[in-house]
Each structure stands twice: as structure tokens, then as C-alpha cells.
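The values are calculated or read from the model by the stated rules, or taken from the named source; none is laboratory data. Computed from a predicted structure; not experimentally measured. No Cβ is skipped: glycine too gets one built from the backbone with ideal geometry, and neighbour counts run over all protein chains shown.
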Amino acid sequence: MSRLLGHYENFPEVIHGVARFTHRISIRKLQQAILCTLYQLNQETHRFSDIASHFPSKYEVSFEFGVAEGTTFNYLDKEELERFQETIVKESPPIFDVFCVVRYHVVDKEKRVPLKFDYHLVRFMFYKNSVELQVCHERGTQRLSLEDLIIFIIKRINEELSQRRLKPLTRKHLRTL
């Protein structure tokens with residue numbers, strides 16, 4: 001595997017959310033679907049009310065995901081997606097870490113006003129028939145709860161798996177602080 005591609009050397013010990021899902025597909029295919037999902041999310045903007053129903057529709061949410069490489073994170077653009085996909089074909093890593101920025105904006109007529117963003121570290125740990133997500137909230141106001149964030153990401157991963165005609169992830173456990 002490339003120089004610690006997918007692994008963040010300084011991942012925090014304090015975890016604010018843990019979720020476990022079972023799967024019935026190869027880890028390699030699951031990892032490819034996860035990366036494609038995160039790449040797609042980097043291109044999109046959503047109404048906050050579509051992710052967490054308790055917010056008015058005038059709020060927008062967008063994401064920025066980056067893949068770990070040693071002590072840094074690389075924004076998941078097309079080039080990084082292809083590089084990571086090539087690495088997965090050669091060797092499927094047991095862990096990959098991503099940096100997740102949740103960006104909030106209030107849309108008032110034609111104007112988009114940025115609000116304080118949230119910063120998270122997310123670790124995917126892969127096992128034969130399961131995957132575990134560990135989420136650490138680094139900083140920000142946490143407008144989007146960790147539970148809603150995890151549920152949204154998994155929902156989108158399952159949509160990607162469905163498009164690939166693969167079986168979805170099944171939730172076994174979800175706990176957040």
C-alpha cells in the first residue's frame with residue numbers, strides 16, 4: 001500500500017460516535033463504493049431539512065471529504081479518487097480515515113451566508129462481514145448531529161451499493177455522545 005494511504009497517524013483516542021454495520025460483499029467493493037459516495041458528496045449541496053428534518057429549508061449543507069495519508073488529508077477530487085481506487089485494487093486497507101467538513105449556509109433570497117462549519121474525523125474499520133465507523137467531532141457548533149451525519153452517509157453508501165447491484169449495509173449498532 002502507498003505511504004499510509006487511508007491511515008491518519010494522529011487519529012484521536014476520544015470517539016464521539018460509533019456505528020457498526022454488517023455487509024455481504026467483498027471489502028474491496030465496499031471500499032470502492034464508499035469512496036465514490038464521498039467523492040459525490042463533495043460535489044453536492046443539500047437542503048438541511050433533507051438530512052435533519054428539524055431544520056428549516058432556508059439552510060443548506062455541503063461536505064468536504066479528504067482521505068488520510070500519513071499526517072495529512074487530501075481533498076477527495078477525481079484524481080485522488082482514482083489514486084485511492086488503484087491502491088484498493090492492489091491491497092485493500094483494513095482502515096481508512098477521512099476528514100469531513102460539514103459546511104452550513106443560510107440562503108436568503110439570492111444571498112448565501114456562511115455559518116460556522118463542523119470538522120470531523122471519520123474512521124472506517126473493515127472486517128470480514130462488518131464495518132465499523134468511529135466519528136470524532138473536532139470542532140464547530142455541531143448543527144448536524146453525529147447520528148444524523150452517520151445515517152446520511154450510510155444511506156448514500158447504500159444508494160451507491162444499490163446502483164452497483166450489491167447488497168446494502170445493515171445497521172447493528174449506533175451510539176453517539
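Below, the figures for the structure above:
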{"quantity": "Cross-chain or 6+ apart pairs with Cβ under 6 Å, the stretch 121-135 first and under 14 Å from E147 (Cα atoms) and surrounded by 15 or more Cβ atoms within 10 Å (Cβ to Cβ), then small (G, A, S) and modelled with pLDDT of 95 or more", "calculated": "L133/A19; V135/G17"}
{"quantity": "Pair list, Cβ under 6 Å, 6 or more apart: the stretch 60-83 residue polar (S, T, N, Q), other residue part of a helix (DSSP H, G or I)", "calculated": "N74/E80"}
{"quantity": "Sole exception among (1) more than 18 Å from R28 (Cα to Cα); (2) in contact with an Asp or Glu (Cβ under 7 Å, 6 or more places away or on another chain) for D148, by number", "calculated": "(2)"}
{"quantity": "Any hit, the stretch 17-37, residues being surrounded by 14 or more Cβ atoms within 10 Å (Cβ to Cβ) and in a loop (DSSP other than H, G, I, E, B)", "calculated": "yes"}
{"quantity": "Test for E82: is it in a helix (DSSP H, G or I) and at pLDDT 95 or above", "calculated": "yes"}
{"quantity": "Given (1) without any contact (Cβ under 8 Å) to a residue 40 or more places away in the chain; (2) among the hydrophobic types (A, V, I, L, M, F, W, C); (3) surrounded by fewer than 16 Cβ atoms within 10 Å (Cβ to Cβ), number of the condition V107 does not satisfy", "calculated": "(1)"}
{"quantity": "Output for the stretch 136-157, where each listed residue is within 20 Å of P94 (Cα to Cα) and either in a helix (DSSP H, G or I) or without any contact (Cβ under 8 Å) to a residue 60 or more places away in the chain (or both)", "calculated": "I150, I153, I154, I157"}
{"quantity": "Any chance Y104 is of a type in the set (F, W, Y), part of a strand (DSSP E or B), touching a strand residue (DSSP E or B) at 6+ places or on another chain (Cβ under 8 Å) and more than 24 Å from H7 (Cα to Cα)", "calculated": "yes"}
